[in-house]
Amino acid sequence: MCDIVLKENERIDDLQRNGYRIIQNREKFCFGMDAVLLSGFASVKPGAEVLDMGTGTGIIPILLEAKSQASHFYALEIQPESADMARRSVSLNKLENKIEIVTGDIKEAGSIFKAASFDLVTCNPPYMIGNHGITNPDGPKAIARHEILCTLEDVISNATRLLKPGGSFCMVHRPFRLAEIITLMTKYKIEPKRMRLVYPYVDKEPNMVLIEGCRGGKPRMTVEKPLIVYKAPNVYTDEIYEIYGY
């Protein structure tokens, strides 16, 4: 750890998995529950080649590496500061031979990487359309949350170019865009195969959706049982604790 340099406002957080840690900067952007839930939802086959698009500080490939026997992970991130933190987190965990951080644009992912070269593509994309109410559209948090630099269609169209036939695409998003998500997945020949809605409380509306599609798959989707986050205020359900590794 002595050769890992922390920059202003950065800290190291314990991920509760394999002793892995991650460098974060709360002034910029920290990973949320959505990234953790996506890492728990995604199924990684032994020997798989995996790409995480819009990786931020690298949380998803680090968590997936901890729970899988994948061959290699690539992680694409457009913001240089986030990509730099991700690279230092990879080094901190001595995962340089398993995870490669690439600075680049999701809209150009189809040319950055070889076509049809991945068994699994994951993404925790910006959820919000446009930049209404944003005071700083160039800020890291705005870019992570709003479709400023890429759209949902950019994500899905590039995923299908990069997936092997039969490869899987896994994403976390918001339920209010579910119709658009399914429409775009089928448009780009990623057949929705598995979906799970995430509810903050058992009696509330869902606020996240986890969805998996198969490139060139046949029509048939399984809707999994609801995932409930809290059983009481500030008290996670047992399943959430299990996903977090507590």
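The values are calculated or read from the model by the stated rules, or taken from the named source; none is laboratory data. What you are looking at is a predicted structure, and each value in this text was computed from that prediction instead of being measured. Note: ideal-geometry Cβ built from the backbone for every residue, glycine included; neighbour counts use all protein chains shown.
Please determine whether any residue of region 224-238 is touching a strand residue (DSSP E or B) at 6+ places or on another chain (Cβ under 8 Å) and closer than 23 Å to Asp119 by Cβ. Within region 224-238 (the criterion being touching a strand residue (DSSP E or B) at 6+ places or on another chain (Cβ under 8 Å) and closer than 23 Å to Asp119 by Cβ), the answer is yes, since at least one residue qualifies.
The set of residues in region 187-246 being out of contact with any Asp or Glu (no Cβ under 9 Å at 6 or more places or on another chain) and closer than 15 Å to Phe169 by Cβ consists of Lys189, Ile190, Glu191, Val209, Ile211, Glu212.
For region 65-116, filtered to residues that are aliphatic (A, V, I, L, M) and surrounded by 24 or more Cβ atoms within 10 Å (Cβ to Cβ), the residue that is farthest from Gly32 (Cα to Cα) is Ala109.
Within region 196-246, the set of residues being β-branched (Val, Ile, Thr), over 23 Å from Leu64 (Cα atoms) and exposed (fewer than 11 other Cβ atoms within 10 Å of the Cβ) comprises Val235 only. For region 39-51, indicate whether the set of residues that are among the aliphatic types (A, V, I, L, M), surrounded by 24 or more Cβ atoms within 10 Å (Cβ to Cβ) and either outside any strand (DSSP E or B) or touching an Asp or Glu at 6+ places or on another chain (Cβ under 6 Å) (or both) is non-empty. Checked against the condition, which is being among the aliphatic types (A, V, I, L, M), surrounded by 24 or more Cβ atoms within 10 Å (Cβ to Cβ) and either outside any strand (DSSP E or B) or touching an Asp or Glu at 6+ places or on another chain (Cβ under 6 Å) (or both), region 39-51 yields at least one hit. For Leu6, the test of being touching a helix residue (DSSP H, G or I) at 6+ places or on another chain (Cβ under 9 Å), under 26 Å from Arg196 (Cβ atoms) and of a type in the set (A, V, I, L, M) is failed.
Looking at Gln69, Gln16, just one residue is part of a loop (DSSP other than H, G, I, E, B), at pLDDT below 95 and over 15 Å from the mean Cα position of the chain (by Cα), and that residue is Gln16. The residues of region 12-38 that are surrounded by fewer than 18 Cβ atoms within 10 Å (Cβ to Cβ) and touching a Cys at 6+ places or on another chain (Cβ under 9 Å) amount to a single one, Asp13.
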